[in-house]
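Colleague: Here's a structure for you.
The values are calculated or read from the model by the stated rules, or taken from the named source; none is laboratory data. Model, not experiment: these values are computed from the prediction. Methodologically, a virtual Cβ is constructed for each residue, glycine included, from the backbone with ideal geometry; neighbour enumeration extends over all protein chains shown. Accessible surface is based on the protein model in full, side chains and every heavy atom, while ligands, DNA and RNA are left aside. Shrake-Rupley method; radii C 1.70, N 1.55, O 1.52, S 1.80 Å.
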Amino acid sequence: MDKKRLGTMSMMIARATATCATVLNEDFLSTKHTDDRFRNVECILLDPSCSGSGIASRLDNITGVQEVSSERLSKLSDFQVQALKHALQFPKVQRVVYSTCSVHEQENEEVVKSALAELGGTFTLVPVLPAWTCRGRKVFKDGASCIRASPDETATNGFFVALFERVPVHLHDTAPAAEECDALPAKLGKKRRKRRKRQQSLKSENENGSKTDGAEELTVSEPEVSSRCSGETESFLLSKKRKDLSTAEEVMFLATRTKQRSKKVAEQVNR
């Protein structure tokens with residue numbers, strides 16, 4: 001860490017009479033997302049180390065010569081991608097601003113593109129300063145949501161800004177937590193648990209091809225069922241509790257009840 005630059009930042013904060021800023025000389029990539037100091041952070045301004053190729057006061061920009069090796073650009077962009085992904089992983093963060101004073105696509109749009117590709121839809125880009133005419137390069141779908149500037153195009157120092165915003169996931173807001181899901185079976189009523197147990201028993205009985213008391217399987221035709229639902233068969237079925245019936249017996253039980261209800265209705269109509 002550059003203590004001299006840290007001192008400059010402290011001096012600028014003091015000049016601005018800001019009292020809500022705390023200067024820390026720490027490695028950002030080593031910062032724990034669960035650290036009590038930062039786990040509730042909602043907004044981050046990330047201004048990582050860059051080539052500084054957009055600063056017009058430098059001699060190389062005045063002369064039009066920008067000597068930044070491809071190796072240095074590659075190392076810088078790798079670090080920038082890591083820093084941006086790290087910033088986007090804080091649990092409560094809602095908005096992250098990524099900015100550089102570089103004019104190189106490799107440090108700007110390419111970094112944003114790489115971060116978005118690995119976020120799986122957790123964040124999206126929000127258009128920055130819609131009235132600003134110099135937009136980000138369209139090297140990916142939402143490149144124009146970013147803004148850039150350069151001494152040639154805007155007569156300013158060169159810079160780049162992208163604004164990430166967390167995508168609200170309403171399904172997660174309404175879905176029960178994992179521990180609540182685990183507790184659901186314990187909350188089921190006694191009657192519901194009995195029904196589930198009986199369904200499992202019937203399923204097992206059907207799979208094993210078993211038959212109870214000589215009863216036919218569910219494929220018994222309606223006329224055949226009706227013919228069996230008489231005399232002793234009806235009395236036998238109605239004397240048993242419904243939960244104790246096999247699948248075929250339950251079919252006959254329902255047919256018997258339907259027959260009896262139809263008979264009562266007919267009697268009431270004839271009176």
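Colleague: Decide, for the range 1-44, between rounded, prolate and oblate: order the square roots of the alpha carbon gyration tensor eigenvalues as a ≥ b ≥ c, take rounded if a/c falls under 1.5, and otherwise choose prolate if a/b is larger than b/c, else oblate.
Modeller: Oblate, since a/c reaches 1.5 and b/c is not below a/b.
Colleague: Within the set Lys32/Lys141; Lys75/Lys141; Lys3/Lys32; Lys85/Lys141; Lys3/Lys85; Lys4/Lys75, which residue pairs have Cα atoms separated by over 27 Å?
Modeller: Going by Cα-Cα distance, Lys32/Lys141 fall outside the 27 Å limit.
Colleague: OK, next. Just to check I understand the Karplus step: with θ = phi - 60° and J = 6.51 cos²θ - 1.76 cosθ + 1.60, what whole-Hz values come out for the range 69-78, glycine and proline as x?
Modeller: 5, 4, 5, 5, 4, 5, 5, 5, 5, 4
Colleague: Quick check: residue separation of Glu118 and Ser49 times 0.36 nm, minus the Cα distance between them. What number comes out in nm?
Modeller: Result for the pair: 22.7 nm of gain on full extension.
Colleague: Between rounded, prolate and oblate, where does the range 1-131 land on the alpha carbon gyration tensor, with a ≥ b ≥ c its root eigenvalues, rounded for a/c under 1.5, else prolate if a/b exceeds b/c?
Modeller: Judged from the Cα gyration tensor, the range 1-131 comes out oblate (a/c at least 1.5, b/c at or above a/b).
Colleague: Per residue of the range 99-116, in order, report the coupling 6.51 cos²θ - 1.76 cosθ + 1.60 (Karplus, θ = phi - 60°) as ³J(HN,Hα) in whole Hz, putting x for Gly and Pro.
Modeller: For the range 99-116, the Karplus-derived couplings read 9, 9, 10, 10, 9, 7, 4, 5, 9, 10, 4, 5, 5, 4, 4, 5, 5, 5 Hz, x marking Gly and Pro.
Colleague: Suppose each label sits 7 Å from its Cα in the direction of the beta carbon; what would the Arg166-Lys197 distance come out to in nanometres?
Modeller: Between Arg166 and Lys197, the label points sit 4.5 nm apart.
Colleague: What are the ³J(HN,Hα) values, in whole Hz, obtained from phi via the Karplus relation 6.51 cos²θ - 1.76 cosθ + 1.60 with θ = phi - 60°, for each residue of the range 3-12 in sequence order, with x given for Gly and Pro?
Modeller: Calculated HN-Hα couplings, in order: 5, 5, 5, 5, x, 5, 4, 4, 5, 5 Hz.
Colleague: Also: Can you give the accessible area of Asp78, probe radius 1.4 Å, in Å² rounded to 10?
Modeller: 90
Colleague: Rank by packing, highest mean first: peptides 18-30, 133-145, with packing defined as the count of other Cβ atoms within 10 Å averaged across residues.
Modeller: Per-residue mean Cβ counts within 10 Å order the peptides as 133-145, 18-30.
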